[in-house]
Each structure stands twice: as C-alpha cells, then as structure tokens.
Ligand code: CA
C-alpha cells in the first residue's frame, strides 16, 4: 500500500512538473496577423497590439476557432513590415508598448490561444545599434593593444564587428559602406546578414529567445531559414539543431515553425533539425497541391501526396508537425487566384484545414480578401465591416490595390452561408476529431479519382472524405474500408450536403464527410 501511495505521489509530482510547460499542446490551428493591418484600437490609422487583443474573442475558441496566433514582427523597425529589426527585446511604438504586449499575452492565456512571435535571425536592420557600432569601428585602425583601451570602438575588440559578414572585397549580394568595407545583405542594403556562427551573437540570440519565452510566448516563427548560411542546407540545419537543443533545455515545450521557402525535397532535409514545423510551401498557393487538386478534381492524388509527405517528414523527425496553408503575407491572396468563387474558396479551406498538422490561416483569407502584385497589396487592412470603418487601419503607403468586399467580418458572421462561417464550421469539425491533427495518416483507395480519402489513426480512427470531383460519389458503409465507422460531420462547399443511410454514403461534388 505504502509503495503504491508513493508511486502515485511520484506520478502526480511528474504530472505537476510537466503541466506548466511540457503539457502545452503543439497541435493547433494558427492565424497569421500583420499587426499594422489588423485592428486600430486608438484611431491613429495604424493597427496595434491592443487591437489584436480586442479581437481575440472573434478569433478564439468561442469565435472562428483558432488555437494560436502568429504575429508578424512586432519589434522596433524602420520599415512598415518590420522584418528589419533594430531592437530584439522591445515593441515598435507604432504597435504599442511592452505593457500592451503583456496584456495581449495574458488575454491569449485566458483563451488558451498560443502566441508566436516572428523571429528574424537571418539579418538585422542596417539601423540596428550592433550594425552601426560595427560599421563605425571598421573606419578606424585596430588599437593593437592588450588589453584594449576602448573595446566599443576598436575594430579588433568591438564584438559587434563579428556579428556581421564584412569584407574589403565586393561580391554579389554585398553592399558598400562609405569607409571602403562591404557587408553581406541577401535581402538588400537595409538588411545586413547576421553571422550566425559567431559565438557572442549566438549567446545573444538565446538570450533574446529566452526573453520572449519567459514572458509566456508559445514559440517562434523563424523567418527565412534557408538564407541563414547562404542557402547551405547542411549549415542551416546545423544552426537550427543547435537553436532547438539550446531552447529545449530551458523551454521544452517551445514551438518552432520555420519558413523554408523552397521545394519539398529541401524542406524534408530541414526536419532532422528538430524544429517542429516547416511551412508546406509545395502544397500552398495558386500552383500548389491543394489548389491543383480542388481545381482539377484530383482528390485521390492529393490524399496520396498528403500521406507520403507525412511519412517523409516523420521519418526525418518522429515529432514533425506539417504546417499547411493556402497563402501568406508574401503570396497572392487565395481569394484572388480562386477568382472569388465561393464554392472553390470553401472547398480549398475544407481540404487544407482538415489536413494533418497545424494549418495556418492568413488574416482576411476567411472573409475572401484579395491582394496580389506588390507586397503591400497582400497586407491590406482587415475588413471588419463593409459599411463601418471603425478600427480599420490605413493601407500600407505603397499599396496600389483596394478591397471591394460586399461583406466584412461583421456581415459574414451574420450570414450562415458566408466564407467566415464555413471556416468556423470546418474548424469546429477539426476540433471534434483531434486525430486529424496528430494521427498517422494513410490514403484510402476508395471512390473515384475525385475523392480525397484520408484515414487518421491516433486515439481513435477518423476518416476524412472530400469529393472535389465533378460527379456524385457513392460509397459503401456496410463493407470495405468504411465498415464499422459512423458519419459524424458533413460540410458542403456548394449546394448540397452528403446524405447517408446504413449502407451507403452519397457525396455530391464539393462536399466533405468525416467518419469515426
Ligand atoms: Ca493604432
């Protein structure tokens, strides 16, 4: 008896110790927000952190149904998109204060919404004090003394000189300083590349990560990982492995999702780093696998691809979590390339939101916002209402397109057939069947080629069926791979819902059924 009690107490202790950080569930649907374009809480024309906080109920479990938010960069930056950072431990005043950020974190915590911060490690701003200090030091001769009289200025001793790549020789992708030196900047002169093999910088990066994780952020979206070491995949993976391992020591539940904007074979090579997720670029956008399947009525091909992809990434990292999406802040918005056809938009949403892993919704996608061409068009203000401009920020200065939505968020929430309501409905279905997020997925060879049939084996067995073809598909329920399963949820992207009796499930075109 005593031994049992002791064991129980030990078990409870373990559970208690785990509950704070390791119990965080990494499987979530995320929502990407460009803060400056989301909601303006104080009427100055700029979206802000308080605005995000005020809209959490519309996003969270009681609203749209996302479990996490990825904020595009919130750190001080001279640019509107803020991907060139001047201080990695602060909030850009245009978005608010650190107190506002802390309030947003607390509000997320109350709603079980995980908050991801965008961490831009490939480069800093050319206005970052590190870079300014290094550039100034390179203008003067090294002191030649030990110890150095002025480490802040002496180029041989100023640690920031090692934070970047400097050379006296010009090269492609390098930019000149007035003092005759050159520096690497793959994204342009205002974004000098950081030297990620520098030990002092690495310590600084860990300290920055610790700063945000200790506040309570769930993890980071890692910008431009393929550029870290000049597109050298082995070196990039080595850096990511180091980062993952170092973080795990202090923050074992921190979630990392990397932007490796490249082909499938290369993305697969990043998964052994231990980074949880990499965005599934080959499935995304106008020319990706999801849209190709829905537009071409090739459901079975997509099911086979989805199953093969999970097998590939789990072979590289057993804990790999796919991150499917339709488009993001760098891509043409999906409503545009789907010609604003509501059934197409709904069907693509049902397909990708019911794929394994962590789907990422780009803000405004769920109401059919458009935007293409220059980047500013893809980051337009969220249309909260078509008739009331309250809280709608100003568009980025160089945008040359405008939104022409007949219905914004408010109107679409009130319309049972709206795209917003369809996203909500689909996320409710996903939440009812958690195996879709984490289960082992296989493609079922049933129905016609228009049927995307995926079986998820986790705590239970769940089958997700999409008919993306042009004709009705009838499936036996009393025998074959669906025998013993019950139809739990049905969705329609067009006119008709699936119907079923004890023996047959009938799926009209553009419908979804979930069985378990
Ligand atoms: Ca504002």
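Scaled to the globular estimate 2.2 N^0.38 Å, the Cα spread of the stretch 404-516, given as radius of gyration, is 1.13.
Packing, as the average of other Cβ atoms within 10 Å across residues, places the peptides 159-165, 411-417 in the order 159-165, 411-417, highest first.
Stokes-Einstein, applied to the Kirkwood radius of the stretch 143-246 over Cα pairs at a viscosity of 0.890 mPa s and 25 °C, places its translational diffusion at 157 µm² s⁻¹.
Using mean Cβ contacts within 10 Å as the protection proxy, how do 196-203, 50-57 order, highest first?
50-57, 196-203
Can you tell me the FRET efficiency between residue 388 and residue 175 if r is taken as the Cβ-Cβ distance and R0 is 35 Å, rounded to the nearest 0.05? Mind showing how you got there, number by number?
Working: r = 46 Å, r/R0 = 1.31.
Efficiency computed from Cβ-Cβ geometry: 0.15.
Determine which residues of the stretch 308-323 fall in the zone a paramagnetic label at residue 248 would reach in this model, i.e. backbone nitrogen under 18 Å from the point 7 Å along Cα→Cβ. What the label zone holds, given the 18 Å backbone N cut-off, is 313-322.
With a Förster radius of 35 Å applied to the C-beta separation of residue 89 and residue 428, the computed FRET efficiency comes to 0.35.
In percent, how large is the relative contact order of the chain, given Cα pairs closer than 8 Å and 6 or more residues apart? Don't skip to the end; give the middle numbers.
Working: 1082 pairs, mean separation 64.6, N = 516.
Contact order relative to length: 13 percent.
Within the stretch 53-108, the percentage of alpha carbon pairs spaced more than 17 angstrom apart rounds to 44%. Estimated at 0.36 nm per residue, the fully extended path between residue 146 and residue 417 surpasses their Cα-Cα distance by 90.2 nm. Between residue 211 and residue 99, the modelled label-to-label distance comes to 2.0 nm, taking each label 7 Å out from Cα in the direction of the beta carbon.
Ordered by the count of other Cβ atoms within 10 Å of each Cβ, fewest first, 27, 433 give 27, 433.
For the stretch 38-192, the fraction of C-alpha pairs farther apart than 19 angstrom is 62 percent. Taking 0.36 nm per residue of separation and subtracting the current Cα-Cα distance, fully stretching the chain between residue 167 and residue 471 would add 103.1 nm. With contributions of -39500 (n - 2.57) from each DSSP H run of at least four residues, the per-residue ellipticity at 222 nm computed over the chain stands at -9000 deg cm²/dmol. The alpha-carbon atoms of the chain, seen along their principal axes, cover 87, 69, 41 angstrom, with the largest extent given first. Computed log10 I(q)/I(0) for the stretch 176-329 at 0.21 Å⁻¹: -1.36, from the Debye equation with unit scatterers placed on every C-alpha and solvent omitted. Rounded to the nearest 5, the antiparallel percentage of DSSP beta bridges internal to the chain is 60%.
Rank-order 328-335, 381-388, 350-357 by packing density, defined as the average count of other C-beta atoms within 10 Å over each peptide's residues, highest first.
The most tightly packed comes first, giving 350-357, 328-335, 381-388.
If one computes the Cα centroid of the stretch 482-516 and of the stretch 405-446, what distance in Å separates the two points? Answer, in whole Å: 15. Each of 502, 470, 298 has some number of other Cβ atoms within 10 Å of its Cβ, and from fewest to most they run 502, 470, 298.
Quickly work out the residue 448-to-residue 404 label distance, labels modelled 7 Å from Cα along the C-beta direction, and quote it in nm with one decimal. In this crude spin-label approximation the distance works out to 3.6 nm. The distance linking the stretch 114-154 with the stretch 158-201 is 10 Å (Cα centroid to Cα centroid, whole angstrom).
Just so you know, all these numbers are worked out from the coordinates, no wet-lab data involved. If you're wondering where the values come from, they're calculated on a predicted model, not measured in any experiment. Because the Cβ atoms are built from the backbone with ideal geometry, glycine has one as well, and the counts that use them run over all protein chains shown.
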